[in-house]
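A.B. asks: Here it is, the structure in full.
The values are calculated or read from the model by the stated rules, or taken from the named source; none is laboratory data. In this text the structure is predicted, and so the values were computed from the model without any measurement. For neighbour counting, all protein chains shown are included, and Cβ atoms are generated from backbone atoms with ideal geometry for every residue, glycine included. To get the accessible areas, we keep the full protein, side chains included, count just its heavy atoms, and leave off ligands, DNA and RNA. Shrake-Rupley method; radii C 1.70, N 1.55, O 1.52, S 1.80 Å.
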Amino acid sequence: MAGRLAEIADSFFTPAVNDLVPYEPGKPVEEVQRELGLERVVKLASNEGPYGPFPAAREAIERCVGELNRYPDGGAYRLRAALAERLDLRFEEVAVGAGSDGLVDCLSQAMLEQGDEIVCGWPSFPSYAIDARKLGAVPRTIALRDGRYDLDALLTAVGPRTKIVYVCLPNNPTGTTNTRAELDAYFERVPEHVLTVLDQAYFEYIDDPDYPDGMEAYLKAGRRVVVLRTFSKIYGLAGLRVGYAAAPAAVVTAIGKVRRAFDITTPAQAAALASLDSPGELERRRLLNEEGRAGLETVLREHGLEPVGPAVANFVFAEVGDDSRPFFEALLREGVIVRPTQGFGAPGAIRVTVGTDEEHRVLAEALDRLGALSK
């Protein structure tokens with residue numbers, strides 16, 4: 001029998017850690033099945049693509065299995081070189097991380113000290129604020145305007161201690177985006193002591209000339225900007241955790257100094273590299289997502305929920321009342337996992353990921369049953 005473990009007081013930890021509210025991930029399917037005794041559970045909670053890795057990525061993963069006794073390439077040389085070539089950047093201007101979220105953590109470690117500030121919209125991706133608080137920095141969260149980032153208000157919030165301004169484009173959890181003209185105006189005004197982090201995790205889902213490519217429009221124009229992308233969404237590699245940043249070389253060097261050794265596994269590097277050569281599959285998934293998003297919005301509207309819009313990514317956002325937890329839990333009991341957005345700064349809303357037609361049918365039937373139960 002194990003002995004009694006030592007009790008550790010809060011005083012062992014930094015005040016910043018003691019005050020943190022950790023990121024709450026979406027519930028796994030297996031956990032819901034186990035807790036509620038359900039045979040069929042549909043997950044529409046975590047903005048994952050519904051189709052798994054590209055065929056070429058699956059083959060690449062299988063090929064590297066025999067080498068998993070070896071540590072991965074700590075510098076991810078082949079992946080970084082391939083990304084640099086395709087993006088028309090220098091090798092020194094591309095960093096990789098454990099998802100774009102891992103790169104937010106690296107940027108925070110490299111740039112923030114006690115009392116520094118970051119600015120971001122709110123509700124938005126929680127890691128911007130969480131990673132700042134870990135280091136004793138102060139997040140300045142700015143309310144959205146019409147469901148989108150209020151770039152003018154972000155600029156007004158910038159002060160002498162502001163190190164980073166995050167612009168989530170499209171925003172998670174609302175799925176909305178800003179226009180090219182709005183971003184152009186922002187970059188004309190943002191002070192030189194600030195690094196802008198343009199989070200474009202859902203970039204590949206959007207085909208709109210008014211949606212700017214942050215690398216082409218701003219990074220290559222000499223702006224002080226980091227552009228984040230990921231293989232977790234449309235590429236279907238969320239379980240492997242691989243993302244990348246395009247940035248000035250000095251920023252990439254700083255990321256490399258704080259990044260954990262070997263944080264991008266061999267299968268992740270191989271799968272991401274193989275995914276770069278499948279433009280046809282990328283376009284197929286983009287079109288399927290566009291159709292699926294329209295269908296999901298219809299399902300929600302038919303059940304009295306109005307999605308915020310226009311949504312442009314692979315999820316939609318809707319208000320359900322003062323507290324979305326009871327609604328989330330009721331859907332959970334019906335075998336559908338959505339995302340309550342308290343942790344994103346929107347306690348009365350849910351975020352629903354675009355799934356397959358069959359998954360949307362299951363959601364509609366669950367909402368039908370909830371409606372019947374409420375009558």
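A.B. asks: Calculated from DSSP H runs of 4 or more alone, at -39500 (n - 2.57) each and per residue, what is the 222 nm mean residue ellipticity of the chain, nearest 500?
C.D. replies: The helix contribution divided over the chain gives -11500 deg cm²/dmol.
A.B. asks: Could you sort 105-114, 91-100 so that the peptide with the highest average Cβ count within 10 Å comes first and the rest follow in order?
C.D. replies: 91-100, 105-114
A.B. asks: Roughly speaking, to the nearest percent, how much of the chain's 1.4 Å accessible area is carbon and sulfur?
C.D. replies: Carbon plus sulfur share of accessible area: 52 percent.
A.B. asks: Given charges of +1 on the Cβ of Lys and Arg and -1 on the Cβ of Asp and Glu, with all other atoms neutral, how large is the dipole of the chain about its Cα centre, in debye to the nearest 20?
C.D. replies: With Lys and Arg at +1 and Asp and Glu at -1, about 780 debye.
A.B. asks: Say the dipole of segment 253-358 comes from +1 at the beta carbon of Lys and Arg and -1 at that of Asp and Glu; which of 315, 326, 256 then lies farthest toward its positive end?
C.D. replies: With unit charges placed on the Cβ atoms, the residue in question is 256.
A.B. asks: For residue 38, enumerate residues with amide H under 5 Å from its amide H, sequence gap 5+ or separate chain, H modeled in the peptide plane.
C.D. replies: Close amide H contacts, sequence-distant or interchain: none at all.
A.B. asks: Mind listing which GluC sites (Glu not before Pro) in segment 10-56 are in a DSSP loop and have 16 or fewer other Cβ atoms within 10 Å?
C.D. replies: Hits after loop and neighbour filter: 39.
A.B. asks: For the chain, what does the accessible surface come to per residue with a 1.4 Å probe? Please give it in Å².
C.D. replies: Each residue of the chain exposes 47 Å² on average to a 1.4 Å probe.
A.B. asks: Can you give the charge dipole size of segment 299-348 about its Cα centre, rounded to the nearest 20 debye, using +1 on the beta carbon of Lys and Arg and -1 on the beta carbon of Asp and Glu?
C.D. replies: For this selection, approximately 160 debye.
A.B. asks: Within straight cross-link reach of residue 163, meaning Cα distance under 16 Å, which lysines are found once same-chain residues fewer than 8 apart are removed?
C.D. replies: Those lysines meeting the cut-off are 134.
A.B. asks: Farthest toward the dipole's positive end in the chain, which of 278, 201, 137, given Cβ charges of +1 (Lys, Arg) and -1 (Asp, Glu) about the Cα centre?
C.D. replies: 137
A.B. asks: Then there's this: When the dipole is taken about the Cα centre of segment 267-363, and only Lys, Arg (+1) and Asp, Glu (-1) are charged at their Cβ, what size is it in debye, to the nearest 20?
C.D. replies: In debye, rounded to 20, segment 267-363 gives about 180.
A.B. asks: Please list, short to long, the whole-number percent of alpha-carbon pairs of segment 162-224 in consecutive 10 angstrom bins beginning at zero.
C.D. replies: Final binned percentages: 20, 58, 21, 1.
A.B. asks: Tabulate in residue order the Karplus-calculated ³J(HN,Hα) for segment 260-267, using 6.51 cos²θ - 1.76 cosθ + 1.60 with θ = phi - 60°, rounded to whole Hz; enter x for Gly and Pro.
C.D. replies: 5, 5, 6, 7, 10, 5, 4, x
A.B. asks: Another question about this same structure. Between (1) 130; (2) 175; (3) 146, which entry matches volume of the Cα convex hull per residue in Å³ as derived from the coordinates of this structure?
C.D. replies: Computed from these coordinates, volume of the Cα convex hull per residue in Å³ corresponds to label (2).
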